[in-house]
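*Asks:* Pasting a structure below so you can have a look.
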Amino acid sequence: MQFQQLQYFVAVAETRHFTRAADLVHVAQPSLSQQIKALERELGADLFLRARGNITLTDAGEALLPLARRILADADTARHEVQELAQLRSGRVRLGATPSVCTGLLPDVLRAFHDRYPGIRLLIEEGGSHDLVRELARGALDLALVVLPLPTPSPALTTVELLREDLVVVSSPDAPAPGTGRTVRIPDLESERLVMFRHGYDLRELTVAACRAEGFEPDFAVEGGEMDAVLGFVRAGLGVAVVPRMVATRSGRGLRVTPLARPGLHRVIALAHRSDVAPPRAARELQRMLLER
């Protein structure tokens, strides 16, 4: 099925006349008739009832008409939008990121991107890596910042390591310092009550796995929060939390920040996109800025 054939079909359906339709689309009438017949052969059904002086749509033609109109309208919209996007004057980027990355890494990069391309809308979706991978796979996101290794490796995604970030322990300055006061070992967390993120948070899984590797289950004072809530509960003295250094640095007001003793804990942030579909140009430009930050 060719795009041109759909144009000819819609012209005949609207004019109910082959010659007038040919004039409308600037083609010779025999050529138009041949293309309509080729379309009918491909579909395996007649689209028009041809009687002298009376052209009407068959049931198949009636079914095809709204679909053909929509395809032509979408193509026209795509043409205009692509022309705009070619100059990065308008469009959108759908970016997914874990909440801690949104808090720590993204603000400065997104501000720089917005300053350079004010016509591009930025649509941000926060979620855990598992959810973001699923949204990428179904085409709901152009790019995503995820934590490696992925919870479920996907050959359909391309990932590029963006940064490797240390984790630190945050606590209230009004509470006793965890560990030695200068550093905290993972076993020291056995005697602490933790403020813990909700299920699905990469930081939750990483922290719990590290505690279990040392032979103990962490004791949760509060659990189920997002990043801002967790930091707020720590400031209130409800417990300590393990967070990325970048988040602690940016949001460290009212918090004591203590590094983890070697080998410590870290996480790897990667930029991911679908392998089978190239991101739109605006998304590729944001990708470049993230990689060069």
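The values are calculated or read from the model by the stated rules, or taken from the named source; none is laboratory data. Keep in mind the model is a prediction, meaning the values are calculated, not measured. Backbone-built Cβ (ideal geometry, glycine too); neighbour counts: all protein chains shown. All accessible areas refer to the heavy atoms of the entire protein, side chains included, with ligands and DNA or RNA removed. Shrake-Rupley method; radii C 1.70, N 1.55, O 1.52, S 1.80 Å.
*Asks:* Which loop chymotrypsin sites (Phe, Trp or Tyr not before Pro) in region 212-293, with loop taken from DSSP, have no more than 16 other Cβ atoms within 10 angstrom of their Cβ? Please list the in-between numbers first.
*Replies:* Values: sites: F216, F220, F233; in loops: F216.
Those satisfying the criteria are F216.
*Asks:* In the full protein assembly as shown, how much of I71 is accessible to a 1.4 Å probe, in Å² to the nearest 10?
*Replies:* I71 exposes around 80 Å² with every protein chain in place.
*Asks:* Angle, helix 281-291 long axis vs. longest principal axis of the chain, Cα atoms, 0 to 90°, nearest 10?
*Replies:* 20
*Asks:* With charges only on Cβ, +1 for K and R and -1 for D and E, what is the dipole size of the chain about its Cα centre, in debye, rounded to 20? Spell out each step's value before the answer.
*Replies:* Values: 36 positive and 36 negative charges, 146 e Å.
About 700 debye.
*Asks:* Got a number for carbon plus sulfur as a percent of the chain's accessible area, 1.4 Å probe? Numbers along the way, then the final one.
*Replies:* Values: 7680 of 15400 Å².
Whole-percent figure for carbon plus sulfur exposure: 50.
*Asks:* What percent do you get for the relative contact order of region 58-142 when only Cα pairs under 8 Å and 6+ apart count?
*Replies:* Values: 64 pairs, mean separation 28.5, N = 85.
Here the relative contact order equals 34 percent.
*Asks:* Any chance you could check the Cα centroid distance between region 31-49 and region 246-293 for me, in angstrom?
*Replies:* 55
*Asks:* As a test question: what accessible area, to the nearest 10 Å², does E14 have when a 1.4 Å probe is rolled over all protein chains in place?
*Replies:* Solvent-accessible area, nearest 10 Å²: 110 Å².
*Asks:* Then there's this: Between the DSSP loop rule and a limit of at most 13 other Cβ atoms within 10 Å, which trypsin sites (Lys or Arg not before Pro) in region 1-71 are left?
*Replies:* Numbers: sites: R16, R20, K37, R41, R50, R52, R69, R70; in loops: R16, R52.
Within region 1-71, the qualifying trypsin sites (Lys or Arg not before Pro) (loop, at most 13 other Cβ atoms within 10 Å) are R52.
*Asks:* Over the chain, with a single point scatterer placed on each C-alpha, what log10 of the ratio I(q)/I(0) does the Debye formula yield at q = 0.11 1/Å?
*Replies:* Debye curve over Cα of the chain, log10 I(q)/I(0) at q = 0.11 Å⁻¹: -0.75.
*Asks:* May I pose another question? Among M1, M227, M246, what's the order by accessible area (1.4 angstrom probe), most exposed first? Working shown, then result.
*Replies:* Details: M1 100, M227 5, M246 65 Å².
If we order M1, M227, M246 from most to least accessible, we get M1, M246, M227.
*Asks:* Let me ask something else about it. Could you please report the charge total around R288, scoring K, R as +1 and D, E as -1 over all other residues with beta-carbon less than 12 angstrom from its beta-carbon? Working shown, then result.
*Replies:* Numbers: positive: R116, R281, R284, R293; negative: E285, E292.
Charge balance near R288 sits at +2.
*Asks:* Only helical DSSP H runs with n ≥ 4 go in: add -39500 (n - 2.57) per run for the chain, normalise by residue count and round the 222 nm mean residue ellipticity to 500 deg cm²/dmol.
*Replies:* About -13500 deg cm²/dmol.
*Asks:* Also, quick follow-up: Whole number in Å², please: accessible area per residue of the chain, 1.4 Å probe, ligands, DNA and RNA not counted.
*Replies:* Details: 15400 Å² over 293 residues.
With the other protein chains kept in place, the chain gives 53 Å² per residue.
*Asks:* Can you pull the accessible area of H130 for me, 1.4 Å probe, Å² to the nearest 10?
*Replies:* Taking all protein chains as shown, H130 has close to 100 Å².
*Asks:* Continuing with the same structure: Quick one: Karplus J couplings for region 44-53, per residue in order, coefficients 6.51, -1.76, 1.60, θ = phi - 60°, nearest Hz, x for Gly and Pro?
*Replies:* For region 44-53, the Karplus-derived couplings read x, 7, 6, 9, 10, 9, 9, 10, 3, x Hz, x marking Gly and Pro.
*Asks:* Now a separate question. Any idea what the relative contact order of region 189-293 is, in percent, if you count C-alpha pairs under 8 Å spaced at least 6 apart? Don't jump to the answer; show the numbers that get you there.
*Replies:* Numbers: 84 pairs, mean separation 25.7, N = 105.
So the answer I get is 24 percent.
*Asks:* In nm, to one decimal, how far is the modelled label at L291 from the one at L122, with both set 7 Å along Cα→Cβ?
*Replies:* 1.9
*Asks:* As I understand it, the value is the acute angle between the Cα axis of helix 3-15 and the longest principal axis of the Cα atoms of the chain; what does it come to in degrees, rounded to 10?
*Replies:* 60
*Asks:* Relative to the longest principal Cα axis of the chain, at what angle does helix 59-86 sit, 0 to 90 degrees, rounded to 10?
*Replies:* Approximately 50 degrees, to the nearest ten.
*Asks:* Same structure, new question: Normalising by the residue count of the chain, find the relative contact order in percent from Cα pairs under 8 Å and 6+ residues apart.
*Replies:* With pairs under 8 Å counted, the relative contact order is 21 percent.
*Asks:* Follow-up question, since we're still on this one. Between A236 and R212, how high is the FRET efficiency from 1/(1 + (r/R0)^6) when r is the Cβ-Cβ distance and R₀ = 25 Å? Nearest 0.05.
*Replies:* Working: r = 27 Å, r/R0 = 1.08.
The pair A236/R212 has a calculated efficiency of 0.40.
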